[in-house]
Each structure stands twice: as C-alpha cells, then as structure tokens.
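Values in this text are rule-based calculations from the coordinates and carry no lab data. All values reported here derive from a predicted model rather than from experimental measurement. Don't worry about glycine lacking a Cβ; one is built from the backbone with ideal geometry, like all the others, and counts go over all protein chains shown.
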Amino acid sequence: MGTLKEIISCTSDYDPDALPVAKANEVIRGFVKPVAGIEKLAVRAALGRVLAKDIVSPINVPSHDNSAMDGYAVRSDDLIMGEVALVEIGTAYAGKTFAGEVRRGECVRVMTGAVMPAGTDTVVIQEAVIAEGRRIAIPPGQEAGQNRRLAGEDLRKGKPALHAGRMLRPADIGLIASLGVCEVSVRRRLKVAFFSTGDELVSVGKKLKAGEVYDSNRYTLWGMLQRLGCEVIDLGVVRDDPRKLEAAFHRAAAGADAVVTSGGVSVGEADFTKQMLAKLGEVVFWKIAMRPGRPMAFGRVRARGRSAYLFGLPGNPVAVMVTFYHFVRGALLTMMGRSDTDLPLLRVKSQAAMRKKPGRTEYQRGVLELKNGEWSVRLTGAQGSGILRSMSEANCFVVLGHEQGNVDAGDYVEVMVMDGLV
Ligand code: AMP
Ligand code: MG
C-alpha cells in the first residue's frame, strides 16, 4: 500500500498551497482503503448497508413463464389470419396451475401471474374476446408471445443479481427476497470519531460569555456521519492545547477507522497542530482552491499499533459541511466498500447573476424550485462561511467549477441536489 508521500509524488501539479478540489480528492481516494470486516445479516437488517459479496441468483425470476394479464392463454399456431374460435377447457390462477395440456383449437382462461398452461405461448386479453359459453372468439391482429412473461426475464439463475459494493436500498432488499435469500454478507459498519477544537466553544445548555460561541459543528458532523450510516464516537470539545489534542487523536486512532475534526487548521492555528500531528502520523496541510473551506488537513494518525484516517476540517460552520460533503463523504463511502460514490450534477438555469472568479471551485447554497413551469435555482441570501442558515435553507449546492467565471441570469449552472446527501 502506498504511503501518503508516495501518492502525492505521483500526483501531477501538486501544490499544497493552491490545491484544486479534484487533486485533493485524487490524493484522498488514492490513500483510503475499504475496511476488511464482513458480517452476515438478515435481509431487513441490511437496509442501508454495503454488500460485501455479489448476490448470485439461485433461481430464475419469474421461475415459470406466466401471464402478464387477465385473459386467455392460446397456442400461437391457432392464430391464423382472421378471427378464430377456440374452446375454453379450464382456468389457471396465480398459484394454481392448469394441469392439462392445451391442444389445437383449445384455450385456457388465465389470471395475471398464472403459469402458462402446457402448449400455450400467448395471452389474449379478456377485453378483446367475445365469449359465448365455452366458445371464445378471438379477433385478428394478435401477436405470438404477447402478454407473456418469460421465466428468468427479471433475474437469471446463476447470474449476479446485485454486485458487491452496492448500498442496499428498499428495491434491493425486495429483490433479494424475490430470490428466496434470507441472509446477506455486508461490510462492517465504519467507526468514525469526531471532535471540535477551539477555546471559544461552549456546549449547549450553558450561558455564553463575550467572544464565546456554541459548538454547532459537533451537531452537523454528528448528523452527517449518522446519515452515512457510520458508528460515531463523539470525543467532545477539545481545547487549543497540544497535549489535549494529542490525547484526543490517540483515542481516535486507537478506536476508530477515521477521525473528523473541526477547527485548528486555519493559518493562525495550524502551526501547533502541525507539530503535534507530525509526531502522530503522516498528515498534510492543504489550502484548497475552493470556497468556502480553504484550509484542510488530511492523513493518518497512529496509536497503540492502530491507525485512523484523519480529516481536519476548517472551523467555520458552512466550511465544515461543504468540505465534509465534497471530500470526507466520498472517502468514507470508499472505506465502507461502496463502489458508487459520485453524486449527479444537474444543469439548470440560474435565476440571477453570480460573481465568480476562475481558479477555484465554489459551492454556493441554492434553492432549486419550480418557477413559471420550469426548475431553476436561486441562492439562499448571504453566503458567508459562518452563516449556517444558508445551509439550512438550501436544498442544493450550486457548484461553480474551477475554470468558471461570472454567471449571468438565465445561464445554466451545475447543481448537486442535497436529497442525495442528507
Ligand atoms: P477556526 O478554523 O478554528 O479558526 O475557526 C473558524 C471560525 O469558525 C471561528 O469563527 C470559530 O469560532 C468558528 N468555529 C470553530 N469551531 C466551531 C464550532 N465547533 N461550532 C461553531 N463555530 C465554530
Ligand atoms: Mg479554532
């Protein structure tokens, strides 16, 4: 496995003081590895978990050719040009097959889901026929094989029905059940420790003195980690004191797969954090060409023969969330064994002009809304990196790429819908 240094030396145009978002992600994704542990769970308990092995279908789904409609099962070789009259010789229901063989000139009444009676290959819907007693008149224009579902058309025996690396969604657990499978192998849950740093931070429930702020990052971080399905370890607020920080990183490295911190990486504070972290593992400090969220630390810390990946995020409440979603989320999903980590970017019209400097990526907080019959995006007012309300009101990020310049009203911009994130 490559060290962080080796990965960085293979990254072209690496500049830690003006690192484009894509380069930072290239280094992060090159360094993090999926956790090895696997556990077996009942199907429902596996909802939201990541499949560790392919699920190979033990059966064909559907297991037999069956009718897709209520109607009459017929032999296509009876369907000559023009109308034909057949004799109804019985009925087949879903779960109750017709036992006999259908010969030429005969048909069987079938319900949706009924196994196709032997000899038949085509279903004529009941609305199309004229029935007089057991005499069933079939109009011309039927096609051989119509309204019939083929065995294995949904899932084929012996073929993978779901691939390893997939996070199981409701449709997936239904699909697994449709195979008759009752247990699945999933990756173990990721353990992620987190803490806030800052001498100015006060926990909720206490009174604020001048210069103090409530610690909100530990709430947003907790929420984002929960939604990703991590097992979280809350290490509280750690003061800007090298000894206390070191102790917190020790605990995290010994007990978690990753540690996410907020604060302490900005220019004024990075120096003592750097010195302290240099003792604990390999950590790089970046200034990323992005807004919000310029400073960030990344690497690995060790303690007692164990290690945890480290994501040192900036302290500003919006910067924490933006850097989490655009760097940490993908890395943690990779560690969870997920094969799909990218979220779709949609192109929609911007309702208003936006100022943007080329040379950095911006993540503006936006509201995607239906206006005059068309979906378009507007920004959520003040976009300062300390204004958490801009995140709370937003339902999407407006992602203005590295090279992008100013945007005019009516221009198309890329948005990332937050429903895929939270
Ligand atoms: P820092 O990155 O530590 O220099 O912090 C940048 C800004 O974010 C400062 O205004 C801090 O007061 C604020 N901040 C840092 N940590 C938190 C936190 N946990 N909750 C709310 N605000 C914070
Ligand atoms: Mg601070």
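With a cut-off of 20 Å, note down the residues of segment 68-100 whose backbone N falls inside the zone around a label point 7 Å from the Cα of Ala144 toward its beta carbon.
In segment 68-100, the label zone of Ala144 (backbone N under 20 Å from the point 7 Å along Cα→Cβ) covers 68, 72-86.
Holding the Cα-Cα limit at 30 Å, pick out from Lys40/Lys159; Lys23/Lys209; Lys287/Lys356 the pairs that are longer than that.
Checking Cα-Cα distances, Lys23/Lys209 exceed 30 Å.
Can you find, among Met296, Thr341, Ala92, the residue farthest towards the positive end of the dipole of the chain? Put +1 on the C-beta of Lys and Arg, -1 on that of Asp and Glu.
Selected residue: Met296.
Could you work out Rg/(2.2 N^0.38 Å) for segment 238-356, with Rg from alpha carbons only?
Output field value: 1.20.
Beta carbons within 10 angstrom, averaged per residue: use that to sort the peptides 5-12, 212-219, 247-254, 382-389, highest first.
Descending packing order for the listed peptides: 247-254, 212-219, 382-389, 5-12.
Just need log10 I(q)/I(0) for segment 378-422 at q = 0.26 Å⁻¹, Debye formula, equal scatterers on the alpha-carbon atoms, no solvent, rounded to two decimals.
Reported log10 I(q)/I(0), two decimals: -1.12.
What does segment 131-191 give for Rg and for Dmax, in Å, if only its C-alpha atoms count?
20.7, 70
Determine the relative contact order of segment 93-229: mean sequence separation of Cα pairs under 8 Å and six or more apart, normalised by residue count, in whole percent.
12 percent
Mean residue ellipticity at 222 nm from the helices of the chain, using -39,500 (n - 2.57) per DSSP H segment of n ≥ 4 over the full residue count, to the nearest 500 deg cm²/dmol?
It comes out at -5500 deg cm²/dmol, rounded to the nearest 500.
Run through the DSSP bridge list for the chain and note the antiparallel percent, rounded to the nearest 5.
Restricted to the chain, the bridges split so that about 70 percent are antiparallel.
For a bin width of 20 Å, list the pair-distance distribution of the chain built from all Cα-Cα distances, rounded to whole %.
P(r) over the chain, rounded to whole percents: 22, 38, 23, 15, 2.
Give me the aspartates and glutamates in straight-line cross-link reach of Lys279: C-alpha distance below 14 Å, same-chain residues under 8 apart excluded.
Once the sequence-local aspartates and glutamates are set aside, what remains near Lys279 is Glu246, Asp271.
Over the Cα atoms of segment 145-239, what Rg and Dmax result, in angstrom?
Just the Cα atoms of segment 145-239 yield Rg and Dmax of 23.6, 79 Å.
Amide H neighbours of Val283 under 5 Å, counting only residues 5+ apart in sequence or on other chains, H built in-plane at 1.01 Å?
Answer set, sorted by chain and number: Arg300.
Percent relative contact order of the chain, based on C-alpha pairs within less than 8 angstrom and at least six residues apart?
Averaging sequence separation for qualifying contacts and normalising by length gives 16 percent for the chain.
Step through the residues of segment 413-418 one at a time and calculate ³J(HN,Hα) from phi using the Karplus curve (6.51 cos²θ - 1.76 cosθ + 1.60, θ = phi - 60°), rounding each to whole Hz and writing x for Gly and Pro.
10, 8, 10, 10, 6, 6
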